[in-house]
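The values are calculated or read from the model by the stated rules, or taken from the named source; none is laboratory data. Here the structure is a predicted model, which means the values were calculated and not measured. Virtual Cβ from ideal backbone geometry, glycine too; neighbours counted across all protein chains shown. Please note that ligands, DNA and RNA were not included when accessible areas were found on the heavy atoms of the full protein model with its side chains. Shrake-Rupley method; radii C 1.70, N 1.55, O 1.52, S 1.80 Å.
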Amino acid sequence: VALLLLLGAALGSARAAVHFQEQFLDGAKWRKRWMNSEYKPDFGKFKLTAGKFYGDPVLDKGLQTTENSKFYAISSRFKPFSNKGKTLVIQYTVKHEQKIDCGGGYVKIFPSNLDQKKLSGDSHYYIMFGPDICGSDTKKVHVILNYKNKPHPIKKLIRCKVDGYTHLYTLIIRPDQTYKVKIDNEMVASGNLEDDLDFLPPKKINDPTVKKPMDWDDRIEIDDPNDVKPEDWDEPEYIMDTSAEKPGDWDDAVNGEWHYPRVKNPLYRGEWKPRQIDNPNYRGVWPHPQIDNPNYSPDYSIYSFENISVIGLDIWQVRAGTIFDNFLITDDEEYAEDFGDETWGETKGPEKEMNIKQTEEEQARERAMEEKYFEQRFKKKLERKTQSGRDRAVKNTVTKAEL
């Protein structure tokens, strides 16, 4: 597998511009390439590990969060480049080994002027991409692009993976202002940046000079004119409970004059409303005429960024244990797909097999412990029963002797 990776990198470099590639294959040397932020003194710490289960003990090593309920901030710098006129591909793997309950698994791409030692949630970034999980509501993939110093999130909901295994996340941004999001080398979302992110005002707006005609009926249903309120409908919501009796210790001077308590009227049916019928005059939703928006002007450079130079992890995690690996920034979609197949693709199967085996072994140990526990309880109970029988035999012997 290692040879495949080297061959893939060699072949790919001839046709692809690889701006950043990190697999953590050289042990502790990663610390020279990645810088921890000093913005806060209590940032969480990373360690290099393949985790509890993996497909390959070397290839699957990545940066793992190690402390619960912590912010994390770490980054790595590369030669600045611009993606103007070129495709931009951002790709990496995430493994929520701890089956995360709340925390980020996304990356951020920064300009060259980032002070890495001061990296924080307030740092200006170009792109934020990747999974974010918190409770049952948030299980999505972020795609956020900065435009005119303002972050613009994608309007589509893209679901992320939550099964605890390693997954490959890929964001592709093309010069024609289209994008594609892939998970495990399969497309899960695509579209046009201008349509799916609110960068620009809408191209068309409602014509302010035109109003809906007065006789336009857009009510789907109306009151049935033949429906009449029943004569016995009107009943008060509350009535006096005349079956109640005045308490014997009631003092009018202290408590005031006693009255029957009010109770819910079982005959109360609420406010009467006529039943609804289809409106015979319904004409549908009025189509407001549209005009070109005078405030709209196209921008064909939304996709491009200058001096892209830093990739970083700026996240919060309640339960630590996430592993980040196989980072790649390139201009070649095919190279990225091949790189994903040669890394994540080669180890995903063995990783799952190892986890299943560990789970089965753990379940077997738990069953053995349970059996041992109940066996010990049975032995103790049997011993108590045997001892009780002996005590009764001794007592009977003494009684006969005395007799």
Strands (runs of 3 or more DSSP E) within segment 238-295 that include 2 or more residues more than 45 Å from the chain's Cα centre (by Cα) and basic (K, R): 262-264
In segment 27-55, residues that are assigned to a loop (DSSP other than H, G, I, E, B), more than 22 Å from I109 (Cα to Cα) and either modelled with pLDDT of 95 or more or under 27 Å from the mean Cα position of the chain (by Cα) (or both) total 7
Kindly provide the set of residues from segment 113-133 that are assigned to a strand (DSSP E or B) and touching a residue at least 60 places away in the same chain (Cβ under 8 Å), ordered by number. I127
Filter segment 83-139 for residues that are within 30 Å of N355 (Cα to Cα) and among the aliphatic types (A, V, I, L, M) and give the result. I90, V94, I100, V107, I133
Candidate set from segment 217-237 (those that are closer than 30 Å to Q290 by Cα and part of a loop (DSSP other than H, G, I, E, B)); member that is most open to solvent (accessible area, probe 1.4 Å): R219
How about segment 57-76: which of its residues are open to solvent by 30 Å² or more (accessible area, probe 1.4 Å), of a type outside the set (A, V, I, L, M) and either within 22 Å of T343 (Cα to Cα) or outside any strand (DSSP E or B) (or both)? P57, K61, T66, E67, N68, S69
Under 25 Å from the mean Cα position of the chain (by Cα) and either assigned to a helix (DSSP H, G or I) or modelled with pLDDT under 95 (or both), is that true of G340? yes
Of residues in segment 163-216 being part of a strand (DSSP E or B) and charged (D, E, K, R), the one surrounded by the fewest Cβ atoms within 10 Å (Cβ to Cβ): E186
Scope segment 88-105; condition in contact with an Asp or Glu (Cβ under 9 Å, 6 or more places away or on another chain) and open to solvent by 30 Å² or more (accessible area, probe 1.4 Å); matching residues: K99
Hey, could you check segment 133-162 for residues that are open to solvent by 70 Å² or more (accessible area, probe 1.4 Å) and in contact with a His (Cβ under 9 Å, 6 or more places away or on another chain) and say which is modelled with the highest pLDDT? P153
Name the pairs: first residue in segment 222-240 and at negative phi, second residue at pLDDT below 95 and assigned to a strand (DSSP E or B), Cβ to Cβ under 6 Å, at least 6 apart or on different chains? Y238/R262
